[in-house]
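Worksheet: one structure, shown below.
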There are 4 protein chains.
Amino acid sequence: MGQEAKKSLKTRLALKSSLARETLAEFVATFVLIVLGCGCVAQAVLSRGVAGNVVTINIGFALAVTMAVYVAGGVSGGHVNPAISLAMCATGRMDWCKFPLYVCAQMLGATAGAAAIFGIYYDAFMSFADGNLAVSGPNATAHIFATYPAPFLSITNGFAEQVASTALLVISVFAIFDTRNKGAPHGLEPVAVGLLIFLLGCSLGMNSGCAMNPARDLGPRMFTAVAGWGLEVFSAGNNWWWVPVVAPMVGGIIGAYIYVLSIEIHHQSETEDTEQDGDTYGKYELTNSADIHLGSSETSCA
Amino acid sequence: MGQEAKKSLKTRLALKSSLARETLAEFVATFVLIVLGCGCVAQAVLSRGVAGNVVTINIGFALAVTMAVYVAGGVSGGHVNPAISLAMCATGRMDWCKFPLYVCAQMLGATAGAAAIFGIYYDAFMSFADGNLAVSGPNATAHIFATYPAPFLSITNGFAEQVASTALLVISVFAIFDTRNKGAPHGLEPVAVGLLIFLLGCSLGMNSGCAMNPARDLGPRMFTAVAGWGLEVFSAGNNWWWVPVVAPMVGGIIGAYIYVLSIEIHHQSETEDTEQDGDTYGKYELTNSADIHLGSSETSCA
Amino acid sequence: MGQEAKKSLKTRLALKSSLARETLAEFVATFVLIVLGCGCVAQAVLSRGVAGNVVTINIGFALAVTMAVYVAGGVSGGHVNPAISLAMCATGRMDWCKFPLYVCAQMLGATAGAAAIFGIYYDAFMSFADGNLAVSGPNATAHIFATYPAPFLSITNGFAEQVASTALLVISVFAIFDTRNKGAPHGLEPVAVGLLIFLLGCSLGMNSGCAMNPARDLGPRMFTAVAGWGLEVFSAGNNWWWVPVVAPMVGGIIGAYIYVLSIEIHHQSETEDTEQDGDTYGKYELTNSADIHLGSSETSCA
Amino acid sequence: MGQEAKKSLKTRLALKSSLARETLAEFVATFVLIVLGCGCVAQAVLSRGVAGNVVTINIGFALAVTMAVYVAGGVSGGHVNPAISLAMCATGRMDWCKFPLYVCAQMLGATAGAAAIFGIYYDAFMSFADGNLAVSGPNATAHIFATYPAPFLSITNGFAEQVASTALLVISVFAIFDTRNKGAPHGLEPVAVGLLIFLLGCSLGMNSGCAMNPARDLGPRMFTAVAGWGLEVFSAGNNWWWVPVVAPMVGGIIGAYIYVLSIEIHHQSETEDTEQDGDTYGKYELTNSADIHLGSSETSCA
């Protein structure tokens, strides 16, 4: 195939709509997140702790987010999380019209990722507890896919914790991408976000596994419901399932406004900044490009 | 809300005083530090080692510092530690008039963070040891919030260790931010500082948990005193409480002067440097901007 | 030896052919990968878990890849993996004529690395199980060098998993090096790839150790066959040996096309990009240099 | 003290000789390395594994190297290791006349660091085994400071391993600093070197703890000899002490030449490189500045 033919093929296949491109990227990235993230839980659970433990699970899920952001970060921002997308929209970083498509792509990607990890570890699932797919008890495997509350946790405390966790997530993500604050260097934001996820898993993970992401939780849970674990995945933990869906959305907005109101809004304007080092243009450009990579708010939905 | 209205709202809300802005940033960052840092200890202690251990605690507290520096680093320097602020003032990196405000913000943020983590894990605290809030013994939970000495440790050795730990912290922090030395790249200093904190926790943490930070220790300790643990939190360990308050301040100044006198003062001046690569301007600018992010000494207190 | 003489010696020793240079670099890098990577497994196995465990093995193999990419990254791309080289060729990043030489260098380097680690730990091998070199059982040491399937794993599931693992590896590697996507900063791609390998080891390592690399697996396996473990290294696990040779090649191509078709092909052309920030030239250059470091497709084979 | 007075004080205190400056920096950096590195071993040993383990020791020593390189990297190169200094001299990266001073500073810094960690953990040493300072047996503490061979290790195998380890260290260090290869970004070399040290500890640490550094091993060993452990620290392990002194020097030179002859010498000259992206000047400058930071070969000894 000549260069000419290749180019024409590329031109024909390339998505013209930036919204389609971003939706596809969110789907692939969320798929990668769930295959690799839930894979770490699967490895620890199915090997009964021999090939994994709390450290590999927490580091692993964190790095799965890192890789997901590398896969889609330059295209759609790599939110892979409806709560992040909502925080973006609520603070004007992304057009609201994109929100439903992002969420759909994230939900589909997460569900597909859950199916993939079930396939990759199919023999292991079948040999673990003689193929019995349990939601609770010593042979439980449902928590490989979705989060369940600890026995001591009330719905109220659990809801509050998921709000707080997601708020802290969004505060830190906004700081990492805020080039007028310290800001991670371009190309390393995915790693900084990974460190953050690891920290949240070590710090706030004991109540309910710290989902902080409706797609990451609901998508795989729906998969388990149909793949053999049954509807107990929804009723377990006093109907826990809706908490990691609703609370992160609330926490995302709260965190976004805490960061904007306590830090971002007080940054000196570019004109005032010039008294420091004179490179107004450079700073402005950086700020813009950060916006692009977080949420592509420049491209309209039309 | 139109762009116009938004802008005018932003103008009205934005803090005009850079000191107010910095104080607010220190508060938020220290809050984040304590919620996420003490959260890691809480998770390990309250799960009796199942969901955390010495590695997750040390990495977790280190990453909590990283995130705190991302949250405030570009505004106030992200000291989140009175000993660091003192070292900054003592070496002319920050105006002395800012010092009391920084310390107040750090103390308040740390106390608020301790309250938040108590709330987030309220059900877990209540189910752990039947809601008994103990300072010592197998069900002790006070060390989730503040540090306590190991049984073998004398006050003298403990004081000397906290001085040495904080001195090593400040030496390394100054090196990490010293752009005329090797220096971490702009935007990655928070990660390098996190690696340093992890190292100090693995290396000098056995005597008393290596607080190295009066706000991190005293703020949460005061919270525990009123939240139900009682005044034993001050009397425990032979009245240990004042050591992690006083010793880090001494160590901070000692470390700062060790670095300045053994390394920084001997850097060739910018004019001499030009014989190497000619970009005096670039270097000078970098040095300045490092000062800005460490301590904002340019903005006067008036 | 004067500067003059040195220079002339250098001129005489320097390889004129860029293909010879790249082949040599791949050999050295794959050698480093296997010495240090399999060394981590050796340390954990031979110390019966005292000096190593699942975390040190997974981090260690990941960092061995990082160092291997540092050793050869700027010369040959540092593929150290025929599946990566194949993915490069299949997507036009490398000339097909280089492929056989790269694979030979990788196979030879991996075999030599296995011999080196056997030498470095010779006394330890001899004292472990009285010098008996076993392929299976509690004293097995063959899995220090090559991967073997878990008892529950069928060939079908194992093959599918190796295809999926390698596809996910290549998707993420392409994203990490894609400067028109988020992309890791220049000089940090080796670290990002290391994080990825660690993640894959924590996530998809339970079935069969997640080789994802024909040279990494077959080279050391051949060494063990002649060094005393015997031909059981090929027959074990239902003749498992060919799976980590063939499946990664299939997965590498699949992953490459998934990334190209779902992400890369939809990047806006440089001309369109100019509407964002105007530095077409800079972007184009970056893209090119990324290609150079991944596969040096510019230099012809002639 | 006015700005004027401060400046004049600085001028009087600043070392005029670049060699004195570099020697002082090596001393401080090696001190930091040993306090923090051996501190990690002390914490794990003295807490009998409660506050540390093989992971914290390996990560800790690696990060201690990272911080040491941050402390001195921009002044003296931050070798903190006679074997590295030797490799630098042998390949023309540093003047031979500097070598003895560097080695003296490294030895003194390491010895002082050992004394400091003994002081910091004095109470812990006294309470551990009732203050008995043992070289071997279950209460051994001498291996906190220096390395001792595993029971199975012969002197021959141990020597060969230390040669191989140090050679692999130097190959990778040269690659990390080689800006014409992939090369770590400026300011992140200390972190990349830390990753390398961690890897070597996980991979080749089982025989004898992988010293790879005569100063790191001999300095603290001499301290233990006089501080109460006695001369058994030299006779133990079949007079092991000279192996980690001599073998790393041999390995350092071998590794340096392997890298130069297999990779560095084949880099295309700057003039040829211009066909790629035209920034000859930039590349040349980078190469130079890398030399500066590794070994300051520009400044003569006179």
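The values are calculated or read from the model by the stated rules, or taken from the named source; none is laboratory data. Note that the structure is a prediction, hence the values are computed from the model and not measured. When we count neighbours, we look across all protein chains shown, and the Cβ atoms used for this are built from the backbone with ideal geometry, even at glycine.
The residues of the range A:128-175 that are more than 27 Å from residue B:131 (Cβ to Cβ) and among the polar types (S, T, N, Q), listed by number, are A:132, A:139, A:141, A:166, A:172. Inspect all residues belonging to the range B:251-260 and state whether any of them is within 11 Å of chain D (Cβ to nearest Cβ), buried (at least 20 other Cβ atoms within 10 Å of the Cβ) and without any contact (Cβ under 8 Å) to a residue 60 or more places away in the chain. Among the residues of the range B:251-260, not one is within 11 Å of chain D (Cβ to nearest Cβ), buried (at least 20 other Cβ atoms within 10 Å of the Cβ) and without any contact (Cβ under 8 Å) to a residue 60 or more places away in the chain, which makes the answer no. Within the range C:6-26, the set of residues being more than 7 Å from chain D (Cβ to nearest Cβ) and outside any helix (DSSP H, G or I) comprises C:16, C:17.
So that you can scan it fast, the table gives a plain yes or no per residue for (1) within 19 Å of residue B:56 (Cα to Cα); (2) more than 7 Å from chain B (Cβ to nearest Cβ); (3) not aliphatic (A, V, I, L, M):
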| site | (1), (2), (3) |
| --- | --- |
| D:52 | yes, no, yes |
| D:57 | yes, yes, no |
| D:67 | no, no, no |
| D:76 | no, yes, yes |
| D:82 | no, yes, yes |
| D:92 | no, yes, yes |
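Take the conditions (1) at pLDDT below 75; (2) under 13 Å from residue A:108 (Cβ atoms); residue A:6 misses just one of them, which is (2). Among the residues of the range D:141-161 satisfying the criterion of being at the interface with chain C (Cβ under 10 Å from one of its Cβ atoms) and polar (S, T, N, Q), which is nearest to residue C:43 (Cα to Cα)? Filtering the range D:141-161 for residues that are at the interface with chain C (Cβ under 10 Å from one of its Cβ atoms) and polar (S, T, N, Q), the one nearest to residue C:43 (Cα to Cα) comes out as D:157. Answer yes or no as to whether residue C:174 is at pLDDT 95 or above and surrounded by 24 or more Cβ atoms within 10 Å (Cβ to Cβ). Taking the combined requirement at face value, the residue satisfies it. Close Cβ contacts (under 6 Å, 6 or more residues apart or on different chains) running from residues in the range C:183-206 that are more than 8 Å from chain A (Cβ to nearest Cβ) to residues that are among the aromatic types (Phe, Trp, Tyr) comprise C:189/C:177; C:190/C:70. If the condition is being within 8 Å of chain A (Cβ to nearest Cβ) and either of a type in the set (Phe, Trp, Tyr) or closer than 27 Å to residue B:79 by Cβ (or both), then the range B:39-50 contributes B:39, B:40, B:42, B:43. Yes or no: the range A:213-222 includes at least one residue that is buried (at least 24 other Cβ atoms within 10 Å of the Cβ), more than 15 Å from the chain's Cα centre (by Cα) and of a type outside the set (Lys, Arg). The answer is no, given that none of the residues of the range A:213-222 is buried (at least 24 other Cβ atoms within 10 Å of the Cβ), more than 15 Å from the chain's Cα centre (by Cα) and of a type outside the set (Lys, Arg).
Residues checked against (1) under 18 Å from the mean Cα position of the chain (by Cα); (2) over 19 Å from residue A:175 (Cβ atoms):
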position: B:18; (1), (2): no, no
position: B:25; (1), (2): yes, no
position: B:31; (1), (2): yes, no
position: B:37; (1), (2): yes, no
position: B:45; (1), (2): no, yes
position: B:50; (1), (2): no, yes
